[in-house]
Every structure is written in C-alpha cells, then in structure tokens.
Amino acid sequence: MVGKSLTRLGAAEKVTGRLQYTGDLKLPGMLHGKILRSPHPHARIVSIDTSAAEAMPGVVAVITPKDIPPNRRLQSDLAVLDWTVRFVGDEVAAVAAVREDIAEAALERIRVEYEILPALFDPLEAMKPDAFPIHPGGNLAGKPIVLERGSVEAGFAQSQHIFEGTYTTQVHCAAGMEPRAALARWEGDSLTIWKSSRGVHMVDRPALAQGLGIPAEQVRVICPAMGGGFGSKDETRMGTLCALLARKCGKPVRLEYTREEEFIAGRSRHPSITHLKVGISRSGEITAIHARTIMSKGAYMSSGNAVIRRCGQGSLYLYRTPNAKYEGTLVYTNLPVAGSYRALGAPQGQFALEVHMDKIAEALSLDPLEFRRRHHVQPEGQPGERQTPPGELVSDQPVEGGIPFSSNRLSECLRLGAKAIGWQRRWHSPNSSPGHQKRGLGMAMGLYRGGLAHKAGAEVEVHPDGSVEIRVGTIDVGEGAFTTLLQIGAEALGIEPSRVSILGGDTATTPEAPVTSGSSTTFSMGTAVKEAATTLREKILDRVCAHMGTSRESVSWNKGAIQITRPTKKKVSWKEAVALLSPEERRVRVEIRPGSTEFVINSFAAHFAEVEVDTETGKVTVVKYVAAHDSGRIVNPVAAQNQVEGGVIQMLGFALTEELLTDLKTGVTLNGNFLEHKVPVIVDLPPLKTIFVNAPDPAGPFGAKALGEPPSIPVAPAISNAIYNAIGIRFQDLPITPDKILDKLRLQERD
Amino acid sequence: MKIKKRWDVFFIVNGKRRSLTIEPHWTLLEVLRDHLGLTGAKKGCDRAECGSCTVLLEREPVYACQVLAVQARGQRITTIEGLERNGKLHPIQQSFVDHDGVQCGFCTPGFIMTANAFLERTRRPSPDQVKQALSGNICRCSAYAKIIESVLAASRRGKRTRA
Amino acid sequence: MHPFRYAEPQSVAEACRFLKRQGPSALPIAGGTDLLNEIKEGIAKPEFILNLKRLPSLAQLREKDGALRIGAMVSLSQLAGYPILRRNFPILSEALSTLATPQIRAVGTVAGNLCQRPRCFYYRHPLLLCAKKGGRTCFALDGVNRYHAILQNEPCPMVHPSDLAPVLIALDAQVVLAGAKDKRLLPLEEFFLLPTQDITRETVLTPGEILIEVQVPKPKAGTRGTYLKFRERGTGDFAVVSAACSGRVLRGTVVEMRLVLGGVAPIPFRARKAEEMLLGQKPRKDLLAEAAQAVLSEATPLPGNRYKIRAAQTLMVRAMQAVLK
C-alpha cells in the first residue's frame, strides 16, 4: 500500500459539493455573528455604547471588553477582548443576530470612543528603546534568540573573504480558499464547537478552555473539514468570541470571516529583515555563517517563537561549517498579526541564505551548482561535538554538530534536478543573452525539519465485521494526510485499504494529537499509526497461533489472510482471525514520542528555475521549473506530486506577485482581497517537473519523511537567482515585481 | 413600475422549480446556500474574485456571489448538486477524482462547474484553452496541474457532458 | 449587503425619469459585477436599484453598413462571440479576451465596463474618505501609488480601469446617451471626465442620463489594430498599462493612426502627440520610439510608479510596430 497512489479520501464528497465545511453547517435556531474591528492602528477604548445596536430588531446579543473578566487571556499578550486595540482590524466587540446582514448593520450602530495612541509600523523604529510601547513590556516580543555552534568570531578570524548582505521579505498571506469559520453550541456548561482548525486537541481546546474560563473536559472541538489552512488557521480568538456570543444568547452561533477579515485578522507570513555574514577561507571552505533576523510580529505573538527559530535553520545547518550563529528578534508593530504559514520562518531565512550563497559562488568564480555541491551539509551532518546527552531524542532542528542525519539525499536532489533542467548545457554567465527577452537559470536548496512532534497518539480498532477504523487527533488540512495515514495503517496490518477507514479532527472521539504543523503528520502520526496497527496485527497472529495450536514460525500473511503451514495447511480469513479477539483486544491505542536518539531527521530539496525577463516591461515568466525532493519514501506519489506542485506555485506568488500592503499613514490594509493580493492563477502555471529521490529513511514509518512544507522553501531564492542570471541584477527584497525590475534596470543603464 | 422590498420569485434550480420570497439585496449565492440548502457553491470571497461560488446561469458560468438573485429570477440555474445522474458521478467529477484534481476541495465545485460549461462548448480543447477557460477560478492549494489534467481527461472521454 | 429597493423599468424613458427624480439615491444596475462590490463595501448606499438588464431595446447587437451597434446591456461574452467581430474588429476581440475572467464576461456589460468606478485601493477602502468620495485628502499621492496615474495625476491619480475604453476610442467609437427627454451622441473620448473637471465622477453622464449604445464605425480597408495589456498575473488583473492602436499605412506612409493608453491617466489617454508625429511619415523604428517619448515627456510620475513610463513606452512602441508594419 505504501508507495501506491491510492485515490484521495473524501474526493467524491469534494467533487459533489457534499463535504460540509464549518460555514456550511447549520443548527436549529442558529444565530449569526459579526465582529466589530478597530479603525485605528493603536488606540485605547474610552467608552463603548451598544444600546443602539442592541435595540435593533433581530439583534440578540452584543459582547464587548466589558463582558470579559480581567486577565482572561488566550496568550500572555492577547486578551479575549481588550481595552486597547493594536492594529486596524483588531477585535473590539461582537454581535449575534438572526441574520448575518442584521448583525453587520448592528456593527455600525455601536458607538466607540477611542483615545488615539502613537502607531508604529516599522520594526526598526518600534525596537528603539524610546519607542512608544505597544505592550506593557515594550516592543520586543519575547526574548531574542541566539543559537551558536562553534564560534563565528573565530571563524571570521580564519577567513580570507567576508561577504555581507541584507535581505528582506514582505507580509504574505496564506489565503486559504475557505475563510475561517466557527459554529458554537452550549449544552449546559459544555461547549461543542465546530471550527476551521489545525489542532483540535493541543491548540483549540486548551485555548478555548482558557478563554472561556472552563475546564478543557467541557470543550469539544470538531473540525469537520478544512478549506485550506497552510498553517495559518491556528488562532482561537474568533472561536472564543463565537462561543461567548453563543453563551450569552443561549443559542448556537455561527461566525464566518469575510475574505477581507481572513486577510487582515487571519495570520500572515512574518515580514523579515535578515543580515548575513559569511567567511570563506583561503582554500575556499566556509569558516563561519552568521545570520541576524528581525521580524515584524504585528500586534500579537501568535506562533512567533517557532517562526523566528525556524528562520535560522538554513543558516545553521544547510552548509557545512564548524561555526554558525543565528540571532532572531521579534518586534511588535501596529500591523495585522503574523503567525504560522507553511514552513514558518524557513522560506524567509533560506531566501536570504540562498541568494547570498549565489553571490558568493559568483565572487569565487564558481558555478552556483558546483559551489553548492562542494559545501552543502553531507549525511554525516555538521562538524562539532554532540551536545545532546546520549539516549536523549535529538532535535530535528539542532544547532550542534557531531550528529549524523538519518538520511540526507541532498546530493541526489542536486544531481537529478540539475539534469532535468539541463544545467550543464544551459547555465551561462549572467546577463549574456541578447535582446530584451532575457533568459536565465537559477537554483536554490532547502532543508527542513523532518516531522518530529512532541507527542503523537493513534488508535486502531478492528470491528467484528473485519473493518478497521483508525482514529487520530490530527486533521487533514486538505493536503491528503488522512489518505497517507490510512495507507500506512493498511500496510502495517497487511490488509486492503478498502477495509480501513480513518476518523480525525474531533476531541471527543480521537486520542490526543499534535497540531497539523511542522510537516509532522506523515512522520510522527504515521509512526503512531504504524505502531498501533503493528501491535494489533501481532495480537491477531498470536491469537490465531493459540487457537490453531501452532507457533509463529508457521504462520504468514497471504493477501489479507493468514496462511498456516503446520500442523496442517490451512488458511484463516481476516474475518475469522478477528473473531478470535475479545472486544478489548480489538482496540489498540498508542502514544509515542517520535524521533531518534542517534540521528537528525530532516527533509531536503533542490529547486531549479528557468525564467525569461522582459527588460522593457519588467515581466518575469517562469519558463521551466524543477523541484527535486528527498522526503524519504513517498507514501502516495500522486498526492505527493500534487502537494509539491502546489507548494511551488503558491510560493511563486511569494517570489513574484503577492504582498499584503499597508498604508503607512493610516495603518490600513489596502489589498485584503484576491484581486490585489495577487495569488497565482491557473494561467501562471509553468511547466513543472517534480522529482522524488524516493529513498527510504531508516527512522521514518515505512521510510517516509516530511513533505508538506519543504516545497515552499527554495522557490523564491531559485527565482531571484534565475533573474540575476538573466539580467545581471540581484533582487534581495521580495516580491520581485515589475516596478522593482524596471527601476533597477534604469539604474543599471544609467551606470 | 413596481418598486418593492420583497419579491416573490422562482428559479429553475437543477431542473426543479423553486419558488420563494426574497429581498432585492440577496445575492444568488445567499439564496442558494441560505434559503435553498445548496451549500456546494462556496463563499470564498463574496467579491467575484475567486470562483468558488461558480454556478451556471442558463448555460454560462457566473459568480453567484455577485449576481443579484432578483435579477436572475425565472432563469435556469445549475449547481454542483445537479451534476450527478442516478447516483453516478458526472464524467468531469469522476475525472477530478481519478486525476487528483482536488486538494482541500473548497474550490472544487466552482472549478467543476466552470469546466462543465466550457467542455459543453469545446469538444477537444488544448491545455491552453483549458487554462483560459478556468482562469476565473483560484485554487490556493494550487493543484492547477492536476486540475488541467482532470479537465483534459474528461474531454477525452468524449461523452456529452451537459449538466 | 446594505438593503435597497429594486425595480425593473419597462422603458429607457421610464428609467431615466425615475433616476432623475430620485437623484443619487437611485442607481442603475446592469451586470452588477462592479456596483455590488461598491454596495458591499459601503461606498455606494443606494436606496433604489434599477435593473436595466431586462430592457430588450438595450440588448441588441447588430451591424449596419459595416458599423457595429452595441446595445448597452450586451454582455461581454456575447460581444466576444459575435460572428464578425474577429474579422472586422479584431482589436476588440483581443481586448475582450484579456478582460477580467470568463465568469465576469458572462454577466458584465459593455456599458458597465465603460462606466465602472476606479479601482484605486484608497478610494475602495471603506475606512478612508478620500477626495473622490468627498473628503479632503488624496491618500494615494503620498501613499502606495504603484498602480496609479503618471499623467494628469493631480488632484486624483486614479487610473481608468476599462480595457474596452482605449480600444473603442482607438476605433473612433461614439456613445449614445439617453436622458428623460432626449438623446445625445458624442465621441466616446468625450464621455470621460478628468478629476480636474469633477473629482467625484468619471463620466459626463448627468443625473437621469444613461448610456444606451456604443457605435463603432467600420474601419477603412487596410486598417490594422492591436491591444496590448501589461499586467502582473496571467488573468484577473486590471491593466498596469495598456495600449490600443488602430492605424493604416498606404504606400509606406502612415495615413491614419489612433493610439490610446490605459492605466496611465484618470481617463483613457489619447496619445495625440505620437499620432501627430507619425501621420504622413514612414513608421521608422526610431520615430516610433521618439513619438512615444514625446507622449511621456509630460509624465509626472509619483514616487512609486516611475516604472510605468518605461512600461508605457514599451507598449506604445510595440503596439505601433504591430499596426504600422
């Protein structure tokens, strides 16, 4: 089963429109919620008068900060509703009414008096010591992180050349097609909430319990279906407001974001400023890499800590060097909240790194591919000494050296990708093609954590009729996670996948599970499913042996049945075998801490792009794209290819067209829509080739490693490097839009 | 000239006559989703930008979110719910299943409705024609390559594809 | 969406009378693809909506002596599918294929395309009261103005978003406007207003007046035309810059040429300087470049949109090259 392209689960429900997303659900007596948002980037609420709104026919309840007990927080810096608003779009109040348009009209009748506070949009301004504080503790969000292996100071002292550069990336929105929604229903003190989620157990349930001031046991969270999340649907404020409205009304309430709300009150990719310094020795070795990143957090922390850490992974680990240092700082600004989005900070950090390394290759007169071949991290890992005590699980985003990878096929990615794009033949020196349509080739590598979660649980139950149900606490966010988990379960059991079903995304019926994040599903949840299924299978075999009076050596699996060779030749069907189990035995639940005590588990990629730049309009056309990936053994090749293609296209938007724009005088988001936050459309699809090394990883379930996020990492630098190759101009700030290209060409010609 | 706040109207939805009283500011999408219980067409943007709400008005694909329901009164409307015949998937639907032209599925009904109107008109389209025809629908999972494959494969089945 | 009352007039005259009587509280609707956005954003708050789409007299599309008469309510897809269009008005075909998306073309109308409101994101933002909406400030002039005008851009740097307008002006189209009492016929070029004339509206339509027909004369034999549209994405985008050119060359000499730009000014911008420089001349490459430069010598780019000069230069030269070969 593993390695076959099983048809995606739920495909028929999706193509018929029968699959119900949260916004499609209806309950009897259900009301509709709407949120009042701040028109100011930073202000204190002096007073709120809701009487006119409450008097409107059809309005059932209004909630404001007055309804929230003090210190009722979702995160240390995020109140359920606060008396201070910190970005244009920050939540002020919420209304429930019998119809959505009535709730919307009621918002206009809520009178709010604001005291305007100074607003900061630039993180460099906001981090100055005398800047006006956005939160009581000042504008540094959390403590800046410093991670170091060896000593970069010593490394730079040994170097002959030092290369420095600064790189910036924009605010970029995940913009899943489904605007987030929630539907809350109370029965007494117990809440059931259906919502867009990426972690019913470990994200939504505890946050909702905290925000509502009730024990977690009284909260049931169900994610019926996800219309695309890409990591960004990991906030719980809207769910909490929905639940509060429902509690106040005593009726179910559904709250759906508009598209604009999804852009401004969802979660976006953190914009970043990265400064890189790299030392090269006389013999051409990398003696030190030092990266410093500042990210604008927007108004609240969200998942900033993970994002800022993930941003440094490339600089610390993609190139072999004894000395590497990464410093990451998060700064509050009065902008929409940045949070999780596909590969967290890795695309930002590795954009800087991979454009910088391209520049170094050129300065050393090396072909960019050759430079990377010489210097990328090898299977034995980074030089240095292991710091993690023996026997302890190794981080999949380590800083230390001295630990080998479980598998690392980066050199295969480079070889196969280069061949597919025709690198040897087609790569030329920069700006050397004639005419105004200039072609160029570029490439970039990427590495990412291989999918470790802190904890993963799964339950496998076989029913008397022989059907098997796998229960997991994670969610299929649209990428096909349940399909691959089902394949892993079927493989471990040795039965046809048609006998197996999978259930997930419901705190009441599934075991605790991590968030669907960090590309951890296939690896961590896959390991848990495999273990549960294997345990069940062993139990069945034991029972069959006992029943038939034979030993384990004499039984084997044969096409979903059990073949017995001694004492007599006999076949026991799956159903017969299952019947031998007691009800308790039919169910196996495991909880594991996935990972390895010996190896770093990472996924790898190398991407290659050919572009054509029209130097008279600034238009960039991607002519050909090759994405080569080492994600271990591929569980479902077609779904995997679909996911890589999707990741590449989504990030072509990050590279070339997408940016959430803010007016720097008013703090207003200007383009929270699909017309102007220009996500790629179908005609932008370039010829695209996906290559999987498809070599089993010894640590992963049936050899699999993470895949979801890695495709998003090397895209922007590969494109920037290809543009450089075409026209001889470096682009170190994203997105690379025609206006920037034409402006730089004008300067190039003037010089 | 009647100037009214409420209109008694009917539509022919998936071949059935549906009568109801509507308010003029309701969009066709609101009527389908909130009043006729047809939630297959999705509200992805409500601004005629994403295509998740695409339905057929007569035989043209339109953004149901940006059509006033009252303007469409009396007309034939086909939604994703109207494609199956006798419990069997329409060839385009089957093709999307077979070729994995689906990820999260939210945009899928819209793509299929647009493809349906297009294949009705164009028997053996080129990949480029398919791209142009589907250019008003956004898939953020960006399963575009597989969507094109699905539509081309459906066209090769060579059957009548009319809804 | 903000509620309103709705009516279906039985005739153009009835519609005009009603609109005139109600003033700004009543708005006509055609396809609604733009108007409904404005109502949803709270930029337009009409009390009455008048549906013109069911008026049969406005839905006619016909040819008379080679000239094209397009009823105001003809949909963009209907026009694109008109049999003789590709042969006699290929430039119009080109423009229609780049315009919006198939779903919008199915309901959007010719009149709606010409009467659509600007896409400036400051104008469109419900929280910002810009000069165009009766406020005192233009936020774009010192804000994000990458997509704004480089010509005639004071006091409002909006750009006219229509793809059809530059093409129809290049084809020397005329529009018929109907009022409660009479009709008037005027060149489409004169239909559009600059912000200096009236910052709150984009056309000469007076209260109670509606656009009912577009007339496109038959191009003389030997006329060629092209429409080039530069945009950042493959579809869906409005033009960053566009150029429509129609012209005729006789024995190596330009005898007729009209060149109109989109995306550079608050109105479709007629590049008269270029036209004058080329008439009676041989279309040499350097002359085309000079002509385009002459047009853009008047440009007053904003901090974020200097690149549009080069883009417009390119599109003008390419369009003239395609037409005057």
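The values are calculated or read from the model by the stated rules, or taken from the named source; none is laboratory data. Because the structure is predicted, anything quoted here is derived from the model rather than measured. Here the Cβ is made from the backbone with ideal geometry for all residues, glycine too, and neighbour counts use every protein chain on show.
Being within 14 Å of chain A (Cβ to nearest Cβ), surrounded by 24 or more Cβ atoms within 10 Å (Cβ to Cβ), of a type in the set (Val, Ile, Thr) and under 12 Å from the mean Cα position of the chain (by Cα) is the requirement here; does B:THR54 meet it? Yes, satisfied. Listed here are the helices (runs of 4 or more DSSP H) enclosed by the stretch C:1-101 that have at least 3 residues being facing another protein chain (nearest Cβ under 8 Å): C:35-40.
Just so you know, in the stretch C:281-299 the residues that are aliphatic (A, V, I, L, M) and in a helix (DSSP H, G or I) include one that is nearest to C:PRO157 (Cα to Cα), and it is C:LEU296. Just to be sure, is A:PHE731 within 30 Å of A:ILE264 (Cα to Cα), modelled with pLDDT of 95 or more and assigned to a helix (DSSP H, G or I)? For A:PHE731, the condition - within 30 Å of A:ILE264 (Cα to Cα), modelled with pLDDT of 95 or more and assigned to a helix (DSSP H, G or I) - is not met.
Take the conditions (1) more than 17 Å from A:ALA605 (Cβ to Cβ); (2) surrounded by 24 or more Cβ atoms within 10 Å (Cβ to Cβ); A:LYS325 misses just one of them, which is (2).
With respect to the conditions (1) of a type in the set (Gly, Ala, Ser); (2) surrounded by fewer than 18 Cβ atoms within 10 Å (Cβ to Cβ); (3) in contact (Cβ under 8 Å) with a residue 12 or more places away in the chain; (4) within 14 Å of another protein chain (Cβ to nearest Cβ), C:GLY222 lacks only one, and its number is (4). Out of the residues in the stretch A:211-245 meeting the condition of being out of contact with any strand residue (DSSP E or B) (no Cβ under 8 Å at 6 or more places or on another chain) and within 13 Å of another protein chain (Cβ to nearest Cβ), tell me which one is nearest to A:GLU13 (Cα to Cα). This residue is A:ALA225. Is the stretch A:668-687 home to any residue that is of a type in the set (A, V, I, L, M, F, W, C), part of a strand (DSSP E or B) and surrounded by fewer than 24 Cβ atoms within 10 Å (Cβ to Cβ)? Looking through the stretch A:668-687, none of the residues is of a type in the set (A, V, I, L, M, F, W, C), part of a strand (DSSP E or B) and surrounded by fewer than 24 Cβ atoms within 10 Å (Cβ to Cβ). Within this structure, A:ARG292 passes the test of being touching a His at 6+ places or on another chain (Cβ under 6 Å), under 26 Å from A:CYS173 (Cβ atoms) and surrounded by fewer than 24 Cβ atoms within 10 Å (Cβ to Cβ).
Look at (1) more than 30 Å from B:THR108 (Cα to Cα); (2) away from chain B (no Cβ under 14 Å); (3) surrounded by fewer than 19 Cβ atoms within 10 Å (Cβ to Cβ) and you find that A:VAL60 fails only one, number (3). The residue of the stretch B:1-34 that is farthest from the other protein chains (Cβ to nearest Cβ), among those that are in a helix (DSSP H, G or I) and within 23 Å of B:GLU84 (Cβ to Cβ), is B:VAL31. When every residue of the stretch A:194-203 is checked against the conditions, at least one turns out to be within 14 Å of chain B (Cβ to nearest Cβ) and of a type in the set (Ser, Thr, Tyr).
Looking for whichever is touching a Pro at 6+ places or on another chain (Cβ under 7 Å), closer than 19 Å to A:HIS607 by Cα, surrounded by 16 or more Cβ atoms within 10 Å (Cβ to Cβ) and not hydrophobic (A, V, I, L, M, F, W, C) here; the options are A:GLY401, A:GLY450, A:GLY446. Which one fits? I'd like the intermediate steps shown before the answer.
On the way: A:GLY401 fails: closer than 19 Å to A:HIS607 by Cα; A:GLY450 fails: touching a Pro at 6+ places or on another chain (Cβ under 7 Å).
Residue meeting the stated conditions: A:GLY446.
Quick check on my filter: what residues within the stretch B:6-24 are closer than 16 Å to C:MET1 by Cα and crowded, with 22+ Cβ neighbours inside 10 Å? Correct list: B:PRO24 only. Look at (1) crowded, with 24+ Cβ neighbours inside 10 Å; (2) facing chain C (nearest Cβ under 9 Å); (3) touching a Lys or Arg at 6+ places or on another chain (Cβ under 6 Å) and you find that A:LEU656 fails only one, number (3).
Residue under question is A:SER232, and the condition is that it be in contact with a Phe, Trp or Tyr (Cβ under 6 Å, 6 or more places away or on another chain), buried (at least 23 other Cβ atoms within 10 Å of the Cβ) and of a type in the set (S, T, N, Q); does it hold? In short, yes. Would you check which residues across the stretch A:433-461 are of a type in the set (S, T, N, Q) and either modelled with pLDDT under 90 or in contact with a Phe, Trp or Tyr (Cβ under 6 Å, 6 or more places away or on another chain) (or both) and list them? Of everything in the stretch A:433-461, just one residue is of a type in the set (S, T, N, Q) and either modelled with pLDDT under 90 or in contact with a Phe, Trp or Tyr (Cβ under 6 Å, 6 or more places away or on another chain) (or both), namely A:SER433.
Condition (residue is facing chain C (nearest Cβ under 8 Å), over 20 Å from A:ALA606 (Cβ atoms), of a type in the set (Val, Ile, Thr) and in contact with a helix residue (DSSP H, G or I) (Cβ under 8 Å, 6 or more places away or on another chain)) applied to the stretch A:713-734: is it met by at least one residue? For the stretch A:713-734, residues facing chain C (nearest Cβ under 8 Å), over 20 Å from A:ALA606 (Cβ atoms), of a type in the set (Val, Ile, Thr) and in contact with a helix residue (DSSP H, G or I) (Cβ under 8 Å, 6 or more places away or on another chain): absent. Considering every residue within the stretch C:135-150, establish whether at least one is surrounded by 24 or more Cβ atoms within 10 Å (Cβ to Cβ), in contact with a Gly (Cβ under 9 Å, 6 or more places away or on another chain), touching a residue at least 24 places away in the same chain (Cβ under 8 Å) and not hydrophobic (A, V, I, L, M, F, W, C). The answer is yes; a qualifying residue exists.
On the stretch given as the stretch B:57-77, residues that are more than 7 Å from every other protein chain (Cβ to nearest Cβ) and either in a loop (DSSP other than H, G, I, E, B) or more than 13 Å from the chain's Cα centre (by Cα) (or both) total 7. Exactly one residue out of C:LEU185, C:LEU141 is aliphatic (A, V, I, L, M) and either in a helix (DSSP H, G or I) or within 14 Å of another protein chain (Cβ to nearest Cβ) (or both): that is C:LEU141. For the stretch A:1-33, enumerate the residues that are more than 29 Å from A:GLY703 (Cβ to Cβ), at the interface with chain B (Cβ under 7 Å from one of its Cβ atoms) and assigned to a loop (DSSP other than H, G, I, E, B). Listed by number, the residues that qualify are A:THR16, A:GLY17, A:LEU19, A:GLN20, A:TYR21.
Just a yes or no: is a residue in the stretch B:35-49 more than 14 Å from chain A (Cβ to nearest Cβ), touching a residue at least 24 places away in the same chain (Cβ under 8 Å) and either assigned to a loop (DSSP other than H, G, I, E, B) or within 23 Å of A:GLN20 (Cα to Cα) (or both)?
No, every residue in the stretch B:35-49 fails to be more than 14 Å from chain A (Cβ to nearest Cβ), touching a residue at least 24 places away in the same chain (Cβ under 8 Å) and either assigned to a loop (DSSP other than H, G, I, E, B) or within 23 Å of A:GLN20 (Cα to Cα) (or both).
This table checks each residue for (1) on the phi < 0 side of the Ramachandran plot; (2) among the charged types (D, E, K, R).
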| residue | (1), (2) |
| --- | --- |
| B:ARG33 | yes, yes |
| B:THR39 | yes, no |
| B:GLY44 | yes, no |
| B:ARG47 | yes, yes |
| B:GLY51 | no, no |
| B:PRO61 | yes, no |
| B:CYS65 | yes, no |
| B:LEU68 | yes, no |
